[in-house]
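Remarks on the structure that follows.
Readers should treat all values here as calculations from the given coordinates under stated rules, not as data from a laboratory. Fair warning: this is a prediction, and the values are worked out from it, not measured in the lab. Cβ atoms come from the backbone with ideal geometry, glycine included; neighbour counts cover every protein chain shown.
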Amino acid sequence: MKQFTYTITDPLGIHARPAGLLAKAAKAYADTTVTVTKDGNTVKATQLMKLMSLTVKQGNEVTVAAEGPQEDEAIAAMEAFFKANL
């Protein structure tokens, strides 16, 4: 399993638009499970509504993890996504 921790810089946090883009990006790695954890609550990055239910705001710290055959590629893509969009 690979993971990284990221502090959200987007003023709106993980809201509908970036959550949808994140779910779509995570679905590209179908055989690898990508999760987002905030305050001990973990959800799959591909589950849009559960992702939004984490209520991630600006300044919150999240941990993103990838586990599976494509974990190296998935975690690199997720880290790039977070830096570019959140």
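Summed over qualifying helices (DSSP H, 4 residues or more, each -39500 (n - 2.57)) and divided by its residue number, the chain shows a 222 nm mean residue ellipticity of -11500 deg cm²/dmol.
If you stretched the chain out fully between Leu12 and Asp39, how much longer would it get, using 0.36 nm times the residue separation minus the C-alpha to C-alpha distance? Numbers along the way, then the final one.
Numbers: separation 27, 0.36 × 27 = 9.72 nm, distance 1.80 nm.
Taking Leu12 through Asp39 to full extension adds about 7.9 nm, to one decimal.
Would you kindly calculate the mean projected area, averaged across all directions, of the convex hull enclosing the Cα atoms of the range 2-85, in square nanometres? So the mean shadow area of the Cα hull is 4.5 nm².
Roughly how big is the chain's charge dipole about its Cα centre, with Cβ charges of +1 (Lys, Arg) and -1 (Asp, Glu), in debye to the nearest 20?
Values: 9 positive and 9 negative charges, 77 e Å.
Here the chain has a charge dipole of around 360 debye.
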